[in-house]
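The values are calculated or read from the model by the stated rules, or taken from the named source; none is laboratory data. From a predicted model like this one, the values you see are computed outputs, not experimental measurements. Using ideal geometry, Cβ is built from the backbone for each residue, glycine included, and neighbour counts are taken over all protein chains shown. SASA here: full protein model, heavy atoms, side chains in, ligands and nucleic acids out. Shrake-Rupley method; radii C 1.70, N 1.55, O 1.52, S 1.80 Å.
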Amino acid sequence: MSADPRVSIHPDSTVLMAAIAARLITKLVDIQDKYGEATVVLTGGSIGIGSLKAVADSPASPAVDWSKVNFWWGDERFVAADDPERNARQAHEALLAHISADPARIQVPGSTGDFGSPEEAAADYARRLGEAAAAEHAADMSDDRPEHPAALPRFDIVLLGVGPDAHVASLFPEQAGIREKELSVVGVRNSPKPPPERVSLTLPAINTASEIWMVVAGEDKAGAVGLALAGANPVQVPAAGPRGRNETLWLIDENAASRVPEQLVRKG
Ligand SMILES: O=C1O[C@H](COP(=O)(O)O)[C@@H](O)[C@H](O)[C@H]1O
């Protein structure tokens, strides 16, 4: 099943990030109660990183067994591993440095120190995803979760920020990445937002997730959010493309919601 989007609007970005953190903690506890471990795909960007900080600051954070959470990234900037632009470095500073995560469960796309091109880093990331998928199959988790594609592990939750140009992960309007149908990971060049070289999950890979949470705040994102929720073509509006198998949830603030189609706004 591919879910129609639901929209949840919060008064401002601070409340939004606290609400995302509370929702994420609750969801991870729930998944761990059922299956022992949980897998989350992180995003960069203002709200993505701010929400991770809100998780770290939450008194409920220790309710999650962080040593049994698998972390992947929806995209990464292809720069040096210690570059402040790295999504993983920002996530580390915001959350991972403050919890007892298992380093073996933290899977970051490669950097310029490890690989000569974003394509090589993408191939390596795809290989690791494939290995994690194979290990899941071999372990025969025998739970009630639906089958997932052989090349990818189960993604319980994928978090995605949205740029003012409606990009998600590092899939930009009209570029090759958003058109990719076969690969699970692509190397990105000529990103209109610096840095120009990146590594990104593709839309087909993102859409294997059980739940996708679009996390967005700010007036500058209102046009992108409105077009995405009005059902634009993902090639022009990548944010229109993500669909979780069980849930597609837009967690946004009032500024980002000003152009959301009327029928999608729940009246209080
Ligand atoms: O470059 C990126 O930008 C987007 C959105 O970032 P924001 O600061 O405008 O919220 C982010 O989702 C993506 O992961 C990141 O690499």
message = Looking at Val162, Val186 in this structure, which one is away from the ligand (no atom under 13 Å from the Cβ), at pLDDT 95 or above, open to solvent by less than 20 Å² (accessible area, probe 1.4 Å) and in contact with a helix residue (DSSP H, G or I) (Cβ under 7 Å, 6 or more places away or on another chain)?
response = Val186
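Quickly run through the stretch 192-212 and pick out the residues that are within 12 Å of the ligand (Cβ to nearest atom) and crowded, with 22+ Cβ neighbours inside 10 Å.
So in the stretch 192-212, the residues within 12 Å of the ligand (Cβ to nearest atom) come out as 192-201, 206.
Arg198, Val199, Ser200, Leu201, Ile206 - these are the residues of the stretch 192-212 that are within 12 Å of the ligand (Cβ to nearest atom) and crowded, with 22+ Cβ neighbours inside 10 Å.
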key: Members of the stretch 213-225 that are surrounded by fewer than 24 Cβ atoms within 10 Å (Cβ to Cβ) and either closer than 17 Å to Ser51 by Cβ or without any contact (Cβ under 8 Å) to a residue 40 or more places away in the chain (or both)   = Gly218, Glu219, Ala222
inquiry  = Based on this model, can you work out whether Ile106 counts as free of Cβ contacts under 8 Å to residues at least 40 places away in the same chain, open to solvent by 10 Å² or more (accessible area, probe 1.4 Å) and among the β-branched types (Val, Ile, Thr)?
reply    = yes
inquiry  = Condition first: more than 14 Å from the ligand (Cβ to nearest atom) and of a type in the set (A, V, I, L, M, F, W, C). Now tell me which residues in the stretch 45-70 satisfy that.
reply    = Ala54, Val55, Ala56, Ala60, Ala63, Val64, Trp66, Val69
task = Check Asp83, Asp114, Asp12 and return the single one that is more than 19 Å from the chain's Cα centre (by Cα), within 16 Å of the ligand (Cβ to nearest atom) and under 26 Å from Thr202 (Cα atoms).
result = Asp83
request  = Consider Leu42 carefully, then state whether it is within 13 Å of the ligand (Cβ to nearest atom) and either touching a Phe, Trp or Tyr at 6+ places or on another chain (Cβ under 6 Å) or more than 23 Å from Asp75 (Cα to Cα) (or both).
outcome  = yes
